[in-house]
Amino acid sequence: MHKNITKLLAGIACLCAFGIAAPSFADAPVKTEAATTTAVAAPAVTPVPDAAPAAAAAAAPAPAAAAPAAAPVANKGDTSFMMISTLLVILMTIPGLALFYGGLVRSKNMLSVLMQVFMVFALVIVLWCIYGYSIAFTEKTAFFGGFDRLFLNGIWDTAKGTFAATATFSKGVVIPEFVFVAFQGTFAAITCALIVGAFAERAKFSAVLAFVVLWFTFAYLPAAHMVWFWTGPDLITNAATSASEALKAGWIWQKGALDFAGGTVVHINAAVAGLVGAIMIGKRVGYGRESMAPHSLTMTMIGASLLWVGWFGFNAGSSLEAGDVAALAFVNTLLATAAATLSWVFGEWISKGKPSMLGGASGAVAGLVAITPAAGFVGPMGGLVIGLLAGVVCLWGVNGLKRLIGADDSLDVFGVHGVGGILGALLTGVFAAPQLGGQGIFDYVTNKMSADPYSIGHQVWVQAQAVGTTIIWSAVVSVIAYKLVDIVIGLRVPEEEEREGLDITSHGEQAYHG
């Protein structure tokens with residue numbers, strides 16, 4: 001009876017999350033262009049437009065009206081590239097992240113972690129298609145989108161028999177909007193799945209799912225909108241349209257923050273939620289007194305390898321086009337990850353006397369995290385430096401910083417994803433500088449790199465504002481969401497169930513049979 005009540009309460013919590021969100025956006029106007037071939041959503045994967053071109057451009061007379069141009073058609077090569085990138089992000093979540101996390105816990109909790117990652121992925125994809133995509137990637141306010149794409153409405157026009165397309169980062173270039181929906185949905189799913197590693201081995205399964213619904217709705221979606229939403233490059237023709245279109249973008253986008261593939265939206269966002277959860281749920285029974293060593297570093301190595309492979313879709317795919325920027329992101333993902341693996345292992349070797357497989361796998365993930373916000377903005381040597389720094393800084397994050405905080409972050413989500421995400425976001429502002437081999441700032445008025453001098457200090461300050469906003473937003477939403485779930489369901493399993501292992505007590509299964 002108790003289990004049935006718990007399940008009912010979990011379901012009510014899920015429904016409440018959607019119900020609470022709906023009134024805030026119920027008055028969103030229906031977009032007149034909803035069924036056309038150009039959507040207005042795209043993530044910040046190329047340098048942001050220059051918001052202040054020369055005054056002469058602003059004073060230039062408007063060109064004579066021309067006949068309307070034919071709607072751009074998606075290139076099959078770009079479409080195929082984005083489908084493959086989407087599949088790679090799915091690969092890095094299930095099985096990649098699941099096996100990486102699963103190998104790090106004790107054998108009695110292996111299936112519980114696999115189940116949490118698997119189910120969170122499935123849950124978030126469903127929520128994304130129902131309302132998440134609309135809130136994240138349609139126009140409404142600087143903090144939240146509207147409900148124009150509720151239930152993916154308007155992408156398929158039954159009257160005209162046409163599909164909508166979404167803008168990329170080149171004028172006149174589009175991809176099918178359904179592909180963009182799927183690609184961004186995988187980002188939302190892996191972000192929520194990352195959180196479970198922080199409180200692994202002690203959280204109720206129903207509580208995890210209920211928390212994810214709340215956090216996804218009120219933390220992830222606003223963050224994605226603030227950082228990545230803009231109306232696309234095609235409407236920018238002069239200084240006036242550049243300024244007016246910028247005002248329609250997300251709040252952090254308007255500030256000019258650079259986040260190529262999710263340093264703030266994905267890694268810092270999830271890491272803060274995980275750390276708050278680890279603190280509020282409490283330490284594992286026997287933590288600091290009993291051995292809690294990973295039960296299968298073989299599984300962890302396999303998972304880390306799948307993460308590395310899948311991350312090429314995560315980073316290169318964030319260019320939305322199979323072009324030069326995708327190639328830059330690809331090589332940076334390769335180089336920075338390799339550099340971080342080396343720096344972590346050698347740092348561990350020097351400090352502890354022996355290099356470890358766990359260190360190698362952790363170093364690779366640290367490099368992947370740190371290069372994510374920078375991948376399409378910095379040159380390869382900038383990527384190399386970011387990777388080298390990420391390895392040693394995240395090594396400190398899972399050792400020194402973890403001791404300072406005192407929380408039982410089971411799988412070092414904050415030490416790797418939080419520290420690595422913050423480091424990468426800040427260093428993006430440094431190494432995006434053209435004088436250091438970066439891409440600088442793109443000016444969509446002139447349709448080329450901005451001629452204005454690039455200020456490293458200013459850009460790092462903008463990056464810091466994006467980092468701070470993400471930390472505060474995620475922390476506040478997380479505290480409220482955990483507290484609500486604790487009141488309704490309870491966050492933690494009883495001590496006897498934790499000692500026996502969640503595989504048996506929560507799921508009635510065993511990963512291994514002797």
In segment 159-221, which trypsin sites (Lys or Arg not before Pro) fall in coil by DSSP and have 15 or fewer other Cβ atoms within 10 Å?
-> Lys160, Lys171
Whole-number D in µm² s⁻¹ for segment 466-510, Kirkwood Cα-pair radius fed into Stokes-Einstein, 37 °C, 0.692 mPa s | 257
Can you give the convex hull volume of the alpha carbon atoms of segment 324-443 per residue, in Å³?
-> 96
So, over other residues within a Cβ distance under 13 Å of Val208, counting Lys, Arg +1 and Asp, Glu -1, the net charge is +1
Can you list the HN-Hα couplings for segment 288-297, worked out from phi with the Karplus curve (6.51, -1.76, 1.60; θ = phi - 60°), rounded to whole Hz and with x for Gly and Pro?
-> x, 10, 10, 5, 10, 5, x, 8, 8, 5
Using only the alpha-carbon atoms of segment 329-369, report the extent along each of the three principal axes, biggest first, to the nearest angstrom.
-> 34, 13, 12
Relative to the longest principal axis of the C-alpha atoms of the chain, give the angle of the C-alpha long axis of helix 205-215, reported between 0 and 90° and rounded to the nearest 10°.
-> 20
Taking Cα atoms, how many degrees apart are the long axis of helix 456-488 and the longest axis of the chain, rounded to 10 and kept between 0 and 90?
-> 50
Could you work out the equivalent-ellipsoid semi-axes for segment 363-514, taking the square root of 5 times each eigenvalue of the Cα gyration tensor, largest first, in whole Å?
-> 40, 19, 14
Helix 419-431 versus the longest principal axis of the chain: what angle, 0 to 90°, nearest 10, using Cα atoms?
-> 30
Which whole number of Å³ per residue matches the convex hull of the alpha-carbon atoms in segment 429-514?
-> 247
Given 25 °C, 0.890 mPa s and a Kirkwood radius over Cα pairs, the Stokes-Einstein diffusion coefficient of segment 392-451 in µm²/s is 180
Please list, in chain and number order, the residues 5+ apart from Val174 or on another chain whose amide H is under 5 Å from its amide H, with Hs placed from the backbone.
-> Asn75
Equivalent ellipsoid semi-axes for the chain, as square roots of 5 times the alpha carbon gyration tensor eigenvalues: give them largest first, rounded to whole Å.
-> 38, 27, 19
Given C-alpha coordinates of segment 80-221, what is the ratio Rg to Rh with the Kirkwood estimate of Rh?
-> 1.04
How big, in percent, is the set of alpha carbon pairs in segment 224-274 lying more than 18 Å apart?
-> 37
Quick one: accessible area per residue over the chain, 1.4 Å probe, rounded to a whole number of Å²?
-> 39
Stick to the Cα atoms of segment 155-256, pair each with every other, and give me the Kirkwood hydrodynamic radius in Å at one decimal.
-> 16.3
Net charge of Cβ neighbours under 12 Å - reference Ser362; Lys, Arg +1; Asp, Glu -1 | -2
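The values are calculated or read from the model by the stated rules, or taken from the named source; none is laboratory data. From a predicted model like this one, the values you see are computed outputs, not experimental measurements. Neighbour counts run over all protein chains shown; Cβ positions are idealised from the backbone, glycine included. The protein model used for the area step is the full one, side chains on, heavy atoms only, and it has no ligands, DNA or RNA in it. Shrake-Rupley method; radii C 1.70, N 1.55, O 1.52, S 1.80 Å.
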